[in-house]
Amino acid sequence: KPNVPVPGGAVSSGVLSGSLSSAFNVADVPLRGPGLWTLTTSTSIEARLLCASRTVSVNRRVVIMTSQSCQLQLTSTNPEVSPTWQLTPIT
């Protein structure tokens, strides 16, 4: 599974987007808190936020309350579709 290349190692500001495909149906997006982001996708995907102390399912909002580094794991639920996704910080 590919890691999404992010300057500086983690998303802290700015919009990040990408797509999943049958060859790469999982993406790991590094995020650094504290922060709040909105996740939008072209089709249904599975999203989980993996932090050192917890793993939670994500629907539309990604919340990291403390200054820790986490991974947002995005997985395509249908191998025949190539969904696009966008992560937008809420300021």
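The values are calculated or read from the model by the stated rules, or taken from the named source; none is laboratory data. Nothing here was measured: the structure is a model prediction, and the numbers come from that model. Surface accessibility is based on the protein's heavy atoms, side chains included, excluding ligands, DNA and RNA. Shrake-Rupley method; radii C 1.70, N 1.55, O 1.52, S 1.80 Å.
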Can you pull the percent of the chain's accessible area that's carbon plus sulfur, 1.4 Å probe, other chains left in place?
51
Along segment 30-45, what does the Karplus equation 6.51 cos²θ - 1.76 cosθ + 1.60 (θ = phi - 60°) give for ³J(HN,Hα), rounded to whole Hz, x for Gly and Pro?
x, 10, 10, x, x, x, 9, 10, 10, 9, 10, 9, 6, 9, 5, 9
Residues with amide H under 5 Å of V58's amide H, sequence separation 5 or more or different chain, H placed in the peptide plane at 1.01 Å from N; which?
A47, R48, L49
How high is the relative contact order of the chain? Use alpha-carbon pairs under 8 Å, at least six apart in sequence, and give a whole percent.
40
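Once you order the gyration tensor axes a ≥ b ≥ c over the Cα atoms, which shape class does the chain get: rounded for a/c under 1.5, otherwise prolate or oblate by comparing a/b with b/c? Could you put the intermediate results ahead of the total?
Details: a/c = 1.67, a/b = 1.63, b/c = 1.02.
Here the chain falls in the prolate category.
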